[in-house]
C-alpha cells in the first residue's frame with residue numbers, strides 16, 4: 001500500500017521510479033559545461049541530513065573534473081525545488097522563477113540541478129532533476145528526472161547524493177567513480193602486501209598476507225580478478241632456514257578474495273603486467289624459454305603460454321589497448337636505455353614512442369585507448385621520474401608533475417579523467433590522485449610506504 | 001784291454017813304484033850339511049819420533065736440540081793432514097765449526113789422519129722429537145652455509161649493465177673455487193645467486209635486470225666448472241637493498257650478485 005502511494009506521488013510529479021535518462025550531452029572539447037548546483041532542502045525529518053547530501057553532490061561533481069561548478073554565491077535567492085516552481089514569463093514580464101535566472105549574468109549557467117528530499121515511510125526519498133536552462137520550455141529543458149531512495153540516515157543521504165551525481169555525470173559521457181576501488185602495495189605491516197581502498201582513500205583494507213615480498217598488482221577491467229607477483233616462502237627444513245622461492249604470478253578473485261589456479265612457467269622470474277580486455281588472458285614478462293625477460297601471453301590459468309617479443313634485450317611491462325586489445329605498449333631496453341614502445345599484439349609494427357633520452361617506465365593506457373601515461377627522467381638525474389601523458393597517435397606530450405623526486409606507476413581511473421600514482425615527497429612514498437591535466441592533486445595514504453596503485457571500475 | 005784289466009795294470013804299477021822308493025830311500029842317505037843360520041837381524045836406527053794425529057776437542061753445542069733446530073760442532077785437531085767428519089759434513093780444517101741440522105739423534109765421528117797416526121772422536125747430538133699435535137677437535141666445524149657466508153665475495157656491476165667486469169671476474173673466480181670445495185665436501189648443498197639493483201630505475205625493469213645479473217654470474221661460475229644444477233638464480237630487483245642512501249657509493253653496493261645458501 002505504502003509503495004503504491006509512493007509511486008502515485010512520483011507519477012504526480014512527472015517522475016517514474018527509474019526515469020530514463022535522455023541522450024548524452026555533447027561537450028565541446030576543452031570546455032567544461034557550466035552547471036549550477038544549489039543546495040537542496042529536505043522536508044521534515046529529511047532536513048538534518050541535507051548538510052551531508054549537498055556536500056556529497058557538490059564534491060562528486062567537482063571532483064569529476066568534467067564540469068565547471070558555478071559558485072553558490074552567484075545564485076538567485078529563489079531556488080526552484082520542482083518543475084512546477086518554474087513560471088514562464090508572459091509578454092516579457094517575469095511571472096516568478098524562470099530559466100533566465102540561471103542562464104543570465106551573474107550566474108551564466110547552462111545546466112541546473114535542482115530538487116528536494118523527504119523522509120517518509122521509513123526511507124529517505126530524493127526527487128532530482130537536471131535542466132538545460134538555455135532551452136525555452138520545461139519539456140525541452142528536462143534532461144534528467146528521477147527518484148532515488150535510501151535509508152533515512154547519513155549513509156542513505158550519502159548514497160542518494162552519489163547516485164544523483166553519477167547520473168548527471170553519465171549524461172556528459174563521463175562516469176562516476178562511485179564504488180571503484182584502488183588496489184596498491186603497502187609495507188605498513190612490515191611486509192609488502194596488496195591492500196585496497198576507496199578512490200577517496202577511505203576504507204583501507206589488507207588484501208593479502210603472504211608475509212614475503214608481494215607487489216606489482218594488476219586488475220581485470222571487469223573488476224573480478226587481480227594478479228600480482230610474490231616470492232612464495234618455502235618453509236624451513238631441518239638444517240635449512242626458510243627461504244624465498246623465485247618470483248611467481250598469483251591470481252586471486254576480487255569477489256571471493258580466494259587464490260585461483262595459475263600455472264607459472266618453470267623459470268627464474270614470472271611477473272604479470274596486464275589483463276587483456278577480454279579478461280580471459282594475461283600479459284606477463286618471464287625468463288621462460290629465453291633466459292632473459294620477454295613478453296608472453298597466457299590464458300587466465302597460465303595455459304597456452306606463447307611468446308610476444310623476440311629480442312635479446314629486457315622486455316617488461318606490456319599493457320594492452322583497453323579499447324581494441326589489438327596492440328600493446330611496453331618497456332624495452334633494446335635501444336640501450338628503458339624506453340616505451342608500441343607494437344601490434346602479433347608482434348608486427350614495432351615503434352618507439354618515447355624520444356630515447358633519459359629513462360622511461362610504467363606505460364599505462366587511458367580507458368579510451370587514445371593516450372598513455374608514463375614516467376620519464378627527462379631533465380633530471382636517473383631515478384627522478386615525472387609523469388607525462390602522450391597522445392599515442394600524434395605523440396604529443398603533456399607533463400603532469402614537475403619536481404625532482406620520484407613520481408611513479410600512473411594508472412587511469414575508469415572515468416578516463418583521474419590518474420592515481422605514487423610519489424615520494426617526504427621520507428616515505430604515498431599514493432595520490434590528480435586530474436589528467438595535473439590539477440587537483442589529493443593524497444590518499446599516510447601510513448608506511450604505499451605504491452603501485454591500480455584502479456578498478458566502480459559499481460556504476 | 002778291458003777296463004778291469006787296465007785297473008789291474010795301474011794298480012800293479014803303483015805298487016811297484018812304492019816298493020822301489022822304499023827300497024831306495026834308506027839306501028840314499030848322504031851326508032848333507034845343516035842349513036846356515038839365518039843372518040842376525042839388521043837393527044835399523046829408530047826413526048825420528050812423529051806425533052800422531054790428535055783430536056784436541058770435538059764438541060756439539062747444544063748437545064740436545066728440538067727437531068728443526070741446529071747444533072754447532074766445534075773441533076780442534078793437531079798433527080793431521082786429512083780430517084773429516086761423517087754424516088755429510090765431509091773434509092774439515094784442523095780448527096773449525098759447522099752448524100748441523102740433524103733430524104734425529106746423531107753421533108758424529110771426527111777422523112783425523114796423519115803420518116804419525118790417526119785419531120777419532122765422537123760427539124752425539126740428541127734430537128728431541130716434539131710432542132704430537134693434539135688430535136683434531138671433535139666440536140662443530142663451520143657449516144657449508146657459514147663457509148659460504150664468510151668466504152664468498154659479491155660481484156659488482158655498472159649502472160644498467162649486467163656485464164662481468166674485471167673486479168667481478170676476480171670475485172667470481174674465487175667464488176668458483178670456494179663452491180667447488182663446498183660442493184665436494186657437502187653433496188646436498190645448493191647455492192642461490194641473487195641479482196640486485198640500485199634504487200634508481202623502475203621496480204619492474206630492475207626485476208628483469210637483477211635476473212640478468214644473476215644469470216651472468218651463474219654462467220661465469222659454470223664456465224669455471226661449478227656444477228650448474230646446484231645453482232639457482234633469483235632476482236630481487238631493488239626490493240632488498242643493502243643500504244638506502246642516495247649516492248653512488250650506496251648505489252654501487254646494491255648493483256651486485258650475491259651468493260647465499262639454497263634449500
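The values are calculated or read from the model by the stated rules, or taken from the named source; none is laboratory data. Note that the coordinates shown come from a computational prediction; the quantities given were computed from them, not determined experimentally. FYI the Cβ positions are ideal-geometry reconstructions off the backbone, even for glycines, and counts take in every protein chain you see.
Across the range B:246-256, the qualifying residues are those that are in contact (Cβ under 8 Å) with a residue 60 or more places away in the chain and within 13 Å of chain A (Cβ to nearest Cβ), and the one among them that is nearest to residue B:165 (Cα to Cα) is B:255.
Would you check if there is a residue in the range A:425-448 being in contact (Cβ under 8 Å) with a residue 24 or more places away in the chain, under 15 Å from residue A:361 (Cβ atoms) and buried (at least 19 other Cβ atoms within 10 Å of the Cβ)? Scanning the range A:425-448 turns up no residue that is in contact (Cβ under 8 Å) with a residue 24 or more places away in the chain, under 15 Å from residue A:361 (Cβ atoms) and buried (at least 19 other Cβ atoms within 10 Å of the Cβ).
Taking the range A:192-241 as the region of interest, the strands (runs of 3 or more DSSP E) fully inside it that hold 2 or more residues being within 9 Å of chain B (Cβ to nearest Cβ) and touching a strand residue (DSSP E or B) at 6+ places or on another chain (Cβ under 9 Å) are A:214-219. No other residue among A:295, A:284 is without any contact (Cβ under 8 Å) to a residue 40 or more places away in the chain, part of a strand (DSSP E or B) and within 11 Å of chain B (Cβ to nearest Cβ) apart from A:295.
Each row is one residue, and each column tells you yes or no for (1) out of contact with any strand residue (DSSP E or B) (no Cβ under 9 Å at 6 or more places or on another chain); (2) part of a loop (DSSP other than H, G, I, E, B); (3) closer than 21 Å to residue A:376 by Cα.
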| position | (1), (2), (3) |
| --- | --- |
| A:407 | no, no, yes |
| A:410 | no, no, yes |
| A:427 | yes, yes, no |
| A:432 | no, no, yes |
| A:438 | no, yes, yes |
| A:445 | no, yes, no |
| A:453 | no, no, yes |
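Within the range A:27-67, being closer than 15 Å to residue A:154 by Cβ and touching a helix residue (DSSP H, G or I) at 6+ places or on another chain (Cβ under 6 Å) holds for A:42, A:49, A:52, A:53, A:56, A:57. Just checking, how many residues over the range A:298-322 are more than 10 Å from every other protein chain (Cβ to nearest Cβ) and either in a strand (DSSP E or B) or at pLDDT below 95 (or both)? The number of residues fulfilling the criteria is 7.
Condition first: within 35 Å of the chain's Cα centre (by Cα) and closer than 12 Å to residue B:257 by Cβ. Now tell me which residues in the range B:159-179 satisfy that.
Matches in the range B:159-179: B:171, B:172, B:175.
Of all the listed residues (B:160, B:119), the sole one being surrounded by 19 or more Cβ atoms within 10 Å (Cβ to Cβ) and assigned to a strand (DSSP E or B) is B:119.
Against the condition more than 13 Å from chain A (Cβ to nearest Cβ) and surrounded by fewer than 15 Cβ atoms within 10 Å (Cβ to Cβ), how does residue B:170 come out, does it pass? Taking the combined requirement at face value, the residue satisfies it. Please specify each residue of the range B:215-245 satisfying the condition of being buried (at least 19 other Cβ atoms within 10 Å of the Cβ), within 13 Å of chain A (Cβ to nearest Cβ) and touching a helix residue (DSSP H, G or I) at 6+ places or on another chain (Cβ under 8 Å). B:217, B:218, B:231, B:233, B:234, B:235, B:236, B:237, B:238, listed by residue number.
Within the range A:372-383, if we keep just the residues that are surrounded by fewer than 21 Cβ atoms within 10 Å (Cβ to Cβ) and within 14 Å of chain B (Cβ to nearest Cβ), the residue that is nearest to residue A:408 (Cα to Cα) turns out to be A:383.
The criterion of at least 2 residues that are closer than 16 Å to residue A:54 by Cβ is met, among helices (runs of 4 or more DSSP H) falling completely within the range A:95-186, by A:154-171.
Remark: pairs (first residue in the range B:197-214, facing chain A (nearest Cβ under 7 Å); second residue part of a helix (DSSP H, G or I) and surrounded by fewer than 24 Cβ atoms within 10 Å (Cβ to Cβ); Cβ separation under 9 Å; 6+ apart in sequence or on different chains) = B:199/B:250; B:199/B:251; B:199/B:254; B:200/B:251.
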